[in-house]
Amino acid sequence: MDIRDQFYHHVPRLRRYARALTGNTELADDLVQDTLERALSRHTMFEAGTDARAWLFTIMHNLFLNQQRRAPAQATHVSLDETNIGDLVEHDVSHASVQMPTSDPARRLEIRDLDEALRHLPDEQRAIVLLVGLEDMSYADVAATLRVPIGTVMSRLSRGRQRLRDLMAGGTPSTQSAQTGPSAKLKVVR
């Protein structure tokens, strides 16, 4: 399989992740196209025998971050559908497979609630929850993709999953367990 075929094999996953990052089909398609253009123009930098998927996701993530820096006023919205809700729910929220069709009102409500909960996650947690839960990437691959230590991936994933559970259980984004950053209260352990 030549390098182009190897890259194009990952297009469906790239599109799904791009759509989750951008919340917009057109922007997602542009991001995938930019990712593939960058990958093909720099294919000599790709080391044969390494994970092409992780390399492509790294390129996409970096392109997305660059776009966000240029246009910080645009909101990021994750839109889910029946093809990926089961993966997130199965792996991250309830550990139970959901097989209901989208026409089921309960399923639509669950999708809407998870979609809303994901929008309340900090960007760092949301990216990791999506890469692990939706794209089924290993912690090591996510760490390489986002260029963070594997321990950071594990802690952000754990916090993101817990926050999703809290939000899905009826919590609000402003509850104590959902706070992040300097305003969050820390318990002092002696």
Q.
Viscosity 1.567 mPa s, temperature 4 °C: what is the translational diffusion coefficient of segment 3-70 from Stokes-Einstein with a Kirkwood Rh over Cα pairs, rounded to a whole number of µm²/s?
A. 108
Q. Could you give the nm distance between label points at Val11 and Ser103, where each point is 7 Å from its Cα heading toward the beta carbon?
A. 3.1
Q: Starting from the Cα-Cα distance between Thr44 and Arg4, subtract it from 0.36 nm times their residue separation and give me the gain in nm to one decimal.
A: 13.2 nm
Q) Working out 0.36 nm times the residue gap between Asp113 and Gln162, then minus their Cα-Cα distance, what length gain in nm do you get to one decimal? A) 16.1 nm
(Q) 7 Å from Cα along Cα→Cβ at both Asn66 and Val148: what's the point-to-point distance in nm? (A) 2.1
**Q.** Segment Asp30-Glu124, length gained on full extension (0.36 nm per residue, minus Cα span)
**A.** 31.6 nm
Q: Starting with the fewest neighbours, write out Ser138, Ser103 ranked by other beta-carbon atoms found within 10 Å of each beta-carbon.
A: Ser103, Ser138
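Quick note: the coordinates plus some simple rules give every number you see, no bench work behind them. Treat the numbers as computed from the prediction; the structure is a model and nothing was measured. Positions of Cβ are generated from backbone atoms using ideal geometry, with glycine treated the same way; all protein chains shown enter the neighbour counts.
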